[in-house]
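Below: the structure, in structure tokens.
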Amino acid sequence: MREVDVVGVRVEMPSNSPIVLLREAAGERYLPIWIGAVEATAIAFAQQGVTPPRPLTHDLMKDLLEATGNALEEVRIVEVRDGVFFALLVLASGVEVSARPSDSIALALRTGSRIVCADEVLDEAGLAVPAEQEDEVEKFREFLDHVTPEDFESD
């Protein structure tokens with residue numbers, strides 16, 4: 001397992017599909033995961049520190065974990081099969097719960113939990129970005145600095 005950081009979310013063109021982009025904390029690989037618009041908004045809200053007037057589903061999940069004293073220890077992205085990613089929520093009690101990576105990432109950002117990815121997933125779906133292409137990644141980061149959750153709402 002390798003720790004990954006959430007670079008951010010964006011809408012991939014021309015398909016107009018949201019993706020979350022993860023980056024190996026100690027490496028040069030990126031992992032793009034196509035996600036739903038609702039989850040993209042939830043991730044963007046968490047990254048921007050937006051607190052909605054009423055709790056969203058991921059806020060509720062965080063509150064439930066806190067209320068029961070069973071903290072989220074870690075999110076593990078464990079498998080990719082036919083283009084579909086699978087994750088596990090690892091709770092302080094040792095319980096592991098199967099979940100979608102998008103929901104898991106949204107929850108991890110709210111709880112400050114670590115996100116790790118199986119080496120096999122990074123080997124299969126990760127994209128190595130050599131240092132000379134880092135300026136493209138920097139442009140993506142600049143885009144993320146200016147994107148708002150409303151950009152993910154469908155018309």
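The values are calculated or read from the model by the stated rules, or taken from the named source; none is laboratory data. Nothing here was measured: the structure is a model prediction, and the numbers come from that model. Positions of Cβ are generated from backbone atoms using ideal geometry, with glycine treated the same way; all protein chains shown enter the neighbour counts. Quick note on the areas: whole protein, heavy atoms, side chains included, nothing else; ligands and nucleic acids left out. Shrake-Rupley method; radii C 1.70, N 1.55, O 1.52, S 1.80 Å.
Determine whether residue 97 is free of Cβ contacts under 8 Å to residues at least 12 places away in the same chain and β-branched (Val, Ile, Thr). The answer is yes for residue 97.
Within the stretch 108-125, being open to solvent by 60 Å² or more (accessible area, probe 1.4 Å) and in a strand (DSSP E or B) holds for one residue alone: 114. Being modelled with pLDDT under 90, over 27 Å from residue 129 (Cβ atoms) and among the charged types (D, E, K, R) is the requirement here; does residue 110 meet it? Against the criterion (modelled with pLDDT under 90, over 27 Å from residue 129 (Cβ atoms) and among the charged types (D, E, K, R)), residue 110 does not qualify.
Which of the residues spanning the stretch 44-64 are charged (D, E, K, R) and in contact with a Lys or Arg (Cβ under 9 Å, 6 or more places away or on another chain)?
As a first pass, look at the stretch 44-64 and keep what is charged (D, E, K, R): 54, 59, 62-63.
59, 62 - these are the residues of the stretch 44-64 that are charged (D, E, K, R) and in contact with a Lys or Arg (Cβ under 9 Å, 6 or more places away or on another chain).
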